[in-house]
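Structure first, commentary second.
The values are calculated or read from the model by the stated rules, or taken from the named source; none is laboratory data. It should be emphasised that the depicted structure is a prediction, and the values quoted were computed from it without experimental measurement. Note: ideal-geometry Cβ built from the backbone for every residue, glycine included; neighbour counts use all protein chains shown. In case anyone asks, the SASA skips ligands and DNA or RNA and just uses the protein heavy atoms, side chains included. Shrake-Rupley method; radii C 1.70, N 1.55, O 1.52, S 1.80 Å.
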Amino acid sequence: MSTTAPAPTPSPGGRTDERLLKTSTLRRLLNRPELGSVVGAIAVFVFFAVFADSFVRASSLSTVLYAASTIGIMAVPVALLMIGGEFDLSAGVMVTSSALVSSMFSYQMTANVWVGVLVSLIVTLAIGVFNGVMLTRTDPPSFIITLGTFLMLTGMNLGFTKLISGTVSTKSISDMEGFSSAKDVFASTITIGGVGFKITILWWLALVAVATWILLRTRVGNWIYAVGGGEEAARAVGVPVDKTKIGLYMGVAFGAWISGQHLLFSFDVVQSGEGVGNELIYIIAAVIGGCLITGGYGSAVGAAVGALIFGMVSKGIVFAEWNPDWFKFFLGVMLLLATLLNHWVRKRAEATK
C-alpha cells in the first residue's frame, strides 16, 4: 500500500513554511554563484573555437589549461579570502618572494633543495600570518595593510637579491641535490595520449576540491561566509572571526608557495621583479567567478572557472593570430560582462525564492 507525503503545514500566518518546500533544480542552479562564470566560459570557448581553428586541438587545450592553472592556484584561495570580506594586494609579489627564499637559501647554504623549499613554506606562511594579525589587531582595512606588505615585499625581493646575488636574479640551482625530485613535484609534465599536461593543473584541481569541501562541508566554511556577510553579526553568534581571517591569509600564502615553487623549478632562476600586478589578475578571476567585492558570496569553483576564462582569452588571442596588445581590452570586457551577468543571476535567484 503506497502512502502520500503530507502536504506542507501552513504557518500561523497562513503561509507555508519555506523549509518544507522542495527546491527545484532550476532554483538551485540559479542560486549557485558560479553559474554566470560557467555560462561565460562556454561562450568564450565557442567564440574562440569558431575564430581560431587550432584552439580546439588537444595540445592547444593543454596550453590553455596550463595558463589557467597558474592563475587558478592563486585565484582559489584569493576567492575564499574575498568571500571572507578581505583582500590581499601582496599575493602577486608573495609568489616571487616564495621562489626567491627557496632559491637563495638553497644556494647560499649549499643545502638540499628540499630544505630551501621547506624554509620557503615557513617564511611564506609567516607572511600570511603577518597580514592576518595586522588586520585583526589594527584599524586599517585589508587594502591598506596588504598594500604595505606589497611594497615591503617588492623592496625586499629586489634588495636582498642584489645584496646576495649581486644581480636582480638568483643563481641557478639546477645542479643541486634534490632539484630533479622537486621539479617532478612542482613543474613536471604528465603525458596523456601523446599530449603533455603540466602538473600545475593537478595542483589547481586539488585546491579547488579542498576549498569546495571546506566551504560546503565544514564548519569553517560557514565561518567564512558568516565573516564576509557581517563581521559583528558573526562575532555575536560565536564565530572566531580573527582566527578565520588569519587562516584565510595563510591559505593565500600557501597558494603563493605552490606558485613560487613552480616558478623556480620551471626556470631554475628567479627574477626579483616578477609578480607585480598579478594580484589584480587573481582578484579579477575571483570576481569573474562570482565573488562579490563586499564579501559573503562566491565559490571556489567559480574562481576556477574565472581562471579558465582568463586562460582561454590569453591563449585564444594567440591562436586566433590577433594582436596580443588587445588582451587587456578583452579581459576588461570579460570582467564587465561577467559582473553584469553575475548580478543578473543573483537577482533572478532572489526573485525565485
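Here are 237, 276, 210: which of them is touching a residue at least 12 places away in the same chain (Cβ under 8 Å) and of a type outside the set (Phe, Trp, Tyr)?
Values: 237 fails: touching a residue at least 12 places away in the same chain (Cβ under 8 Å); 210 fails: touching a residue at least 12 places away in the same chain (Cβ under 8 Å).
Exactly one of 237, 276, 210 is touching a residue at least 12 places away in the same chain (Cβ under 8 Å) and of a type outside the set (Phe, Trp, Tyr), namely 276.
Just checking, which of 316, 302 is within 15 Å of residue 36 (Cβ to Cβ) and in contact (Cβ under 8 Å) with a residue 12 or more places away in the chain? Let's see the steps before the verdict.
On the way: 316 fails: within 15 Å of residue 36 (Cβ to Cβ).
Exactly one of 316, 302 is within 15 Å of residue 36 (Cβ to Cβ) and in contact (Cβ under 8 Å) with a residue 12 or more places away in the chain, namely 302.
Go through region 164-213 residue by residue and tally those that are part of a helix (DSSP H, G or I), of a type outside the set (Phe, Trp, Tyr) and more than 20 Å from residue 95 (Cα to Cα).
Just the residues of region 164-213 that are part of a helix (DSSP H, G or I), to begin with: 164-165, 179-186, 200-213.
Within this subset, residues satisfying the condition of being of a type outside the set (Phe, Trp, Tyr) are 164-165, 180-185, 200-202, 205-212.
Going one step further and asking which of them are more than 20 Å from residue 95 (Cα to Cα), we end up with 180-181, 209-210, 212.
Of the residues in that region, 5 qualify.
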Inset, instruction - List every residue pair whose Cβ atoms lie under 7 Å apart, where the two residues are 6 or more positions apart in sequence or sit on different chains, the first residue falls within region 24-48 and is at positive phi, and the second residue, located anywhere, is modelled with pLDDT under 65 and among the small types (Gly, Ala, Ser). - result: none
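Every residue, every condition in (1) among the polar types (S, T, N, Q); (2) within 22 Å of residue 207 (Cα to Cα); (3) open to solvent by 10 Å² or more (accessible area, probe 1.4 Å), yes or no:
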residue	(1), (2), (3)
47	no, no, yes
54	yes, no, yes
63	yes, yes, yes
68	no, yes, no
72	no, yes, no
80	no, yes, yes
86	no, yes, yes
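Of the residues in region 314-333, how many are among the polar types (S, T, N, Q) and either open to solvent by 80 Å² or more (accessible area, probe 1.4 Å) or under 23 Å from the mean Cα position of the chain (by Cα) (or both)? Break it down stepwise before answering.
Of the residues in region 314-333, the ones among the polar types (S, T, N, Q) are 314, 323.
Narrowing further to those that are either open to solvent by 80 Å² or more (accessible area, probe 1.4 Å) or under 23 Å from the mean Cα position of the chain (by Cα) (or both): 314.
Of the residues in that region, 1 qualify.
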Legend entry - Selection count where residues are surrounded by fewer than 24 Cβ atoms within 10 Å (Cβ to Cβ) and either of a type outside the set (A, V, I, L, M) or in a loop (DSSP other than H, G, I, E, B) (or both), scope region 93-115: 7
Inset, instruction - Search region 88-104 for residues that are under 12 Å from residue 258 (Cα atoms) and among the hydroxyl-bearing types (Ser, Thr, Tyr) and pair each with any residue that is open to solvent by 10 Å² or more (accessible area, probe 1.4 Å) and not in a helix (DSSP H, G or I) when their beta-carbon atoms are under 6 Å apart and the residues are at least 6 apart or on different chains. - result: 96/274; 96/275
Inset, instruction - Kindly indicate whether residue 268 is over 24 Å from residue 81 (Cβ atoms), open to solvent by 50 Å² or more (accessible area, probe 1.4 Å) and among the acidic types (Asp, Glu). - result: no
Legend entry - Selection status of residue 299, open to solvent by less than 10 Å² (accessible area, probe 1.4 Å) and of a type in the set (S, T, N, Q): yes
Inset, instruction - Being under 22 Å from the mean Cα position of the chain (by Cα) and aromatic (Phe, Trp, Tyr) is the filter; apply it to region 170-211 and report the residue that is nearest to residue 63 (Cα to Cα). - result: 197
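Let's see how each residue does on (1) open to solvent by 30 Å² or more (accessible area, probe 1.4 Å); (2) within 30 Å of residue 242 (Cβ to Cβ):
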position	(1), (2)
149	no, yes
156	yes, yes
169	no, no
173	no, no
180	yes, no
184	yes, no
210	yes, yes
Inset, instruction - Filter region 218-237 down to the residues that are surrounded by fewer than 16 Cβ atoms within 10 Å (Cβ to Cβ) and small (Gly, Ala, Ser), then identify the one that is farthest from residue 86 (Cα to Cα). - result: 236
Legend entry - Sole exception among (1) modelled with pLDDT under 75; (2) out of contact with any Ser or Thr (no Cβ under 8 Å at 6 or more places or on another chain); (3) not hydrophobic (A, V, I, L, M, F, W, C) for residue 8, by number: (2)
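For the structure I just gave you, tell me whether residue 273 is at pLDDT 85 or above, open to solvent by less than 10 Å² (accessible area, probe 1.4 Å) and touching a Leu at 6+ places or on another chain (Cβ under 9 Å). Please lay out each step first, then the result.
Working: at pLDDT 85 or above: yes; open to solvent by less than 10 Å² (accessible area, probe 1.4 Å): no; touching a Leu at 6+ places or on another chain (Cβ under 9 Å): yes.
Here the answer is no, as residue 273 does not meet what is asked.
May I ask you to list the residues in region 116-141 that are of a type in the set (Gly, Ala, Ser) and open to solvent by less than 30 Å² (accessible area, probe 1.4 Å)?
Keep residues of region 116-141 that are of a type in the set (Gly, Ala, Ser), which gives 116, 120, 126, 128, 132.
Correct list: 116, 120, 128, 132.
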